[in-house]
Amino acid sequence: MATPVKHLLAAGTFVLAAFGLCAAPASAAPEKNHPKAADVLKSKAKTKSSKAKKAAAGAAAGAAAAGAEAAVIDEPEPDITDTRVTDYACELGNKITIYTNEKDDSNIALRWKKRLHRLARVGTTTGALRFENKNYGLVWIGIPSKGILLDSKLNRQLANECKNADQAKPLVTAGLEEKKS
């Protein structure tokens with residue numbers, strides 16, 4: 001099947017080359033009252049390339065929009081009534097707010113960059129708290145000393161060294177307090 005297609009393409013190329021050679025002498029001698037053939041050919045080439053560029057740009061924009069829609073499904077914001085609010089201060093001045101519900105420990109709501117996201121708990125073997133939102137690629141990992149927000153789609157950290165008020169307090173060892181008293 002591949003051989004006939006190659007033959008057809010070769011034959012088509014030959015025909016176009018022959019047509020170009022035959023048509024060249026006729027267009028080489030334009031009449032006096034008509035614009036030069038070279039100018040006409042240039043203007044035709046410009047309009048064809050402009051149309052091709054516009055079509056390619058339109059196709060690329062359509063593909064990008066379709067890809068963006070497929071990548072992120074717009075979710076409704078989670079309901080945060082009757083929740084406990086925990087604010088985190090992170091490196092580089094980033095702020096994260098986590099809303100937890102005492103009745104539902106399998107989900108949290110996380111406010112990041114003025115948007116509220118619902119994250120579902122994922123089990124871990126280490127005991128760390130891990131919550132994910134697969135549509136947006138957000139991953140929150142909470143350990144006793146800090147929290148980290150990751151973007152699993154771009155494979156990068158969004159916020160690190162996130163600490164709430166309790167985690168930000170300096171550690172005081174119990175042994176030192178007993179010796180002082």
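Each reported figure results from applying straightforward, stated rules to the coordinates on display, with no laboratory input. From a predicted model like this one, the values you see are computed outputs, not experimental measurements. We place every Cβ from the backbone using ideal geometry, glycine too, and count neighbours over all the protein chains shown.
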In the neighbourhood of GLY123 defined by beta carbon distances under 13 Å, the net charge of the other residues (Lys, Arg +1; Asp, Glu -1) is 0
Report the charge-dipole magnitude of the stretch 82-181 in Debye, nearest 20, computed about the Cα centre from +1 at each Lys and Arg Cβ and -1 at each Asp and Glu Cβ.
-> 380 debye
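Between ASP151 and THR126, what length comes free when the chain is fully extended (0.36 nm per residue of separation minus the Cα-Cα distance, one decimal in nm)? Kindly include the intermediate steps, with their values, before the conclusion.
Details: separation 25, 0.36 × 25 = 9.00 nm, distance 2.05 nm.
Fully extending the segment from ASP151 to THR126 adds 6.9 nm.
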If each Cα of the stretch 97-177 is one equal point scatterer, what is log10 of I(q)/I(0) from the Debye formula at q = 0.14, 0.19, 0.20 Å⁻¹?
-> -0.51, -0.86, -0.94
Each label sits 7 Å from Cα toward the beta-carbon; between ASN160 and THR13 the label points are separated, in nm, by 5.3 nm
Within the stretch 118-147, which residues have the backbone N less than 13 Å from the label spot 7 Å out from SER106 along Cα→beta-carbon, could you tell me?
-> 120-123
